[in-house]
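The values are calculated or read from the model by the stated rules, or taken from the named source; none is laboratory data. Everything quoted here is computed from the prediction, not taken from an experiment. Here the Cβ is made from the backbone with ideal geometry for all residues, glycine too, and neighbour counts use every protein chain on show. Surface accessibility is based on the protein's heavy atoms, side chains included, excluding ligands, DNA and RNA. Shrake-Rupley method; radii C 1.70, N 1.55, O 1.52, S 1.80 Å.
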Amino acid sequence: MTLVVACGLKREERIIDRPGRDVTVVIGGGDASRLDAELDARAARFPGIIMSSGLAGALDPTLRPGDIVIDGHHHLVAQIAAALPDARVGAVAGSDTIVATTANKRTLAARTGAIAVDMETHVAAQVAARRNLPFVALRVISDDAGSTLPPAALVGMKPDGGMALGAVLRSLARKPGQLPALVRTGNQAGRAFKSLDRAFAALIATGFDHISPEDLPPA
């Protein structure tokens, strides 16, 4: 049974969708409406588990780059936790825009009780509910709750999920003082991508991509 995965970036897709895996991936690229439509169409074709996966921002100050957060259907969360015993179980919030500042992270944490945030989880959860399919999120922390993302990091994603290098360089040219923060952000993201790669490989090794919704108890 095909695992349907929503992510934001092409780099995440390359980590998740490897040869031999029964996985289909939809890249959001920061466009919630398009992601909703494309993910819904994919779920109609492959009515399996819907997963949100990729990088996330921390709302809980105890989370660090590379930490794994899981949320969703309790049976699926338990299976992932068994394969990834260091993962944190907690609510993952969704946002149509990047939650970039420490103040906004604190506000969102207080309002939702979530421990992490990304731009795909809320969309994937909505599609899963609409299609009456099980949902789970597996996200890896990239920026911690005490970090404010530099302006260049906010313009670094193309609509197709690729890297907008030109926009990043133009932002740096306008505000060169953000370079140290951008380097830090890049290093944290690199740590998160490596963690995502290891986590997904461990999960696939358990046969997670072959679970059928019919095999699961009610959420």
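In this structure, LYS194 and ALA78 have a Cβ-Cβ separation that, at R0 = 35 Å, corresponds to a calculated FRET efficiency of about 0.90. The convex hull drawn around the Cα atoms of segment 99-219, when projected onto a plane and averaged over every direction, covers 9.6 nm². The angle between the Cα long axis of helix 32-45 and the main principal axis of the chain comes to about 20°, on a 0 to 90 degree scale. From its DSSP helices (H runs of at least four residues, each -39,500 (n - 2.57)), the chain gives a residue-normalised ellipticity at 222 nm of -13000 deg cm²/dmol. The apolar share of the surface of the chain, taken as the fraction of accessible area on carbon and sulfur atoms (1.4 Å probe, ligands and nucleic acids excluded), comes to 55 percent. Does anything in segment 102-122 have its amide N under 15 Å from the 7 Å Cα→Cβ label point of ASP96, and if so which residues? Those under the cut-off are 119-122. The spacing between segment 86-144 and segment 153-213, judged by their C-alpha centroids, is 16 Å. Both the radius of gyration and Dmax for the chain are 16.6, 54 Å, in that order, over alpha-carbon atoms.
Between helix 102-112 and the chain there is an angle of about 30 degrees, using the helix long axis and the longest principal axis of the Cα atoms. In the chain, the longest principal axis of the Cα atoms and the axis of helix 165-174 are about 30 degrees apart.
Taking 0.36 nm per intervening residue step and subtracting the Cα-Cα distance, what contour gain separates ARG64 from ASP22 on full extension? Before the final figure, lay out each step's value.
Numbers: separation 42, 0.36 × 42 = 15.12 nm, distance 3.02 nm.
That pair, ARG64 and ASP22, stretches by 12.1 nm at full extension.
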